[in-house]
1. Pulled fully out, how much extra length does the chain show between L195 and D350, if you take 0.36 nm times their separation in residues and subtract their Cα-Cα distance?
2. Would you mind putting 143-155, 389-401, 422-434 in packing order, based on average other-beta-carbon counts within 10 Å, highest first?
3. What does the charge count near T231 come to, summing +1 for each Lys or Arg and -1 for each Asp or Glu among other residues with Cβ under 14 Å from its Cβ?
4. With the cut-off at 32 Å, tell me which of the pairs K167/K235; K234/K388; K69/K167; K213/K347; K213/K311 have Cα atoms farther apart than that.
5. Please give the residues of the stretch 362-390, grouped as numeric ranges, whose backbone N is less than 11 Å from a label point set 7 Å along the Cα-to-Cβ vector of R431.
6. If you average the sequence gap of Cα pairs under 8 Å that are 6 or more apart and divide by the length of the stretch 41-435, what percent do you get for the contact order?
Amino acid sequence: MPEADLPFPLKHKKESPLNLLKVIAARISSVFRTRMALLRAMSLADQILFSAANFVLTLILVRHFSDEKVEAYGIALFSVLILQGVQRTSYILQNAVLPAPIFRRRASRVLGQHLIFLVLLTLAVLLISSALFLFPSGKDVWAILYATAACAMIYMHLDFDRLCLIKHDRYFDSFIFSALYFVLIASSFFAVSYLNMSFAALMGVMVLYGAGKLFRLLFIVGLPDFFWGWTMFKKSIRTCFTGSILGILGWAGFASAPLFVLSAFAPSVQSAAYVVTRSLLQPINVIARSLDVIDKNTFQTGQGASLLHLKQILFRQLSIYAIFGAVTIVGTLLFGELALHILYGEKYDDFHGILIGWAVFVSLMTVMFPLETALTKTGRIQAYNIWKLPAGVTGIILAVLLCPPFGASGAMAATIGGAIVCLGACLWLIRDVIRTPGAPLPGSLSGG
């Protein structure tokens with residue numbers, strides 16, 4: 001009988017240890033690629049549903065509520081996104097680049113820290129919004145307060161929730177809750193259309209969803225350790241908060257301040273157009289952020305890794321995100337005007353240029369994601385936060401000069417101008433990684 005027909009070979013060939021190691025390495029690499037592919041697919045599906053829900057929410061606001069309500073939601077959203085940036089640079093980025101086993105060991109402490117941040121920052125923005133009652137501005141202050149509470153419960157918990165699920169290998173959970181969020185918002189569309197659901201009730205649905213999502217996380221991470229959470233909170237205040245505040249002031253100067261200046265100098269329809277055109281591209285931005293959370297895991301290279309290795313990872317991710325941004329801009333140029341008309345009607349047909357501006361801004365921000373991670377990895381996140389200040393000053397000056405004569409177009413120009421300065425700061429701070437391969441990394445994983 002031929003040897004090939006036997007259930008086992010007649011002679012056993014001895015494999016060298018080197019060949020065995022190569023086989024094992026190849027199998028591990030295959031498993032890793034499969035796991036990353038699954039992770040990306042689940043995260044993308046999760047973000048598609050979440051973004052679709054936010055898009056439906058924008059349609060509800062535009063079609064069934066006044067420009068004042070749309071403006072109020074925009075002011076609340078932009079305010080909360082400022083505080084989300086404080087979270088991101090205070091502890092989200094630092095924990096995102098940690099290996100999963102290390103994060104899981106400290107998860108209850110980080111959850112305690114997160115809840116302390118969540119409560120204090122939400123109270124701060126509500127207090128600031130309440131101060132509008134003291135100044136007659138013609139704005140719907142109650143609508144701003146309702147929207148602030150809703151946006152805080154949705155967005156202030158978004159990055160941390162996704163981070164915890166990834167580190168605990170719970171890829172399907174986030175998808176399920178995004179599907180639930182979509183169902184709730186879609187149901188609200190019919191409730192507003194046929195049952196005259198109020199703006200306050202719509203925001204209440206979002207608050208309840210955010211609270212339920214936070215409660216579910218307790219079953220995964222466990223009860224928060226507020227003692228150590230408070231200790232970590234104070235440490236982040238000492239080591240990161242000052243730089244974070246400077247960074248967020250810089251960020252807010254070009255990402256949020258133009259809307260505030262616009263709402264002070266222009267009719268509500270201009271502010272509403274600035275907000276709804278941004279919302280049309282927000283799904284693209286959220287998808288990019290989701291992929292960025294996953295890609296940060298590729299920077300878990302530990303001490304002693306070379307700048308050459310970091311440069312290779314950085315350039316690979318920059319290429320991917322640059323293509324992503326280019327596709328966004330081209331798609332907006334080709335189909336943006338039609339999308340505006342179909343989705344929002346004739347009301348915002350004259351603001352196609354603002355939509356293109358948001359496509360440029362989203363593309364710039366997308367390219368900055370891997371640069372921010374490299375800055376965190378090399379311990380330069382504090383310097384980056386300080387260098388954001390010139391970008392913020394640029395945005396504010398341009399907004400004050402351009403918003404009164406040009407309205408939403410002036411605000412868009414201020415936003416893009418500040419973003420370009422911010423990107424330049426990123427490239428300047430990381431220039432040694434771009435230019436000089438082979439040296440040891442100067443910073444640690446914690447970065448800050």
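1. On the way: separation 155, 0.36 × 155 = 55.80 nm, distance 3.17 nm.
Gain in length upon complete extension: 52.6 nm.
2. Working: 143-155: 23.5, 389-401: 20.5, 422-434: 17.5.
Going from most to least packed, we get 143-155, 389-401, 422-434.
3. On the way: positive: R106, R109, K234, K235, R238; negative: D225.
So the environment of T231 carries a net charge of +4.
4. Working: K167/K235 23 Å; K234/K388 24 Å; K69/K167 38 Å; K213/K347 35 Å; K213/K311 37 Å.
Check vs 32 Å cut-off fails for K69/K167; K213/K347; K213/K311.
5. none
6. Numbers: 542 pairs, mean separation 100.3, N = 395.
Across the stretch 41-435, relative contact order equals 25 percent.
Values quoted throughout were computed directly from the atomic coordinates according to the rules given, and no laboratory measurement underlies them. Bear in mind that the values here come from a model prediction, so they are computed numbers and not experimental data. Because the Cβ atoms are built from the backbone with ideal geometry, glycine has one as well, and the counts that use them run over all protein chains shown.
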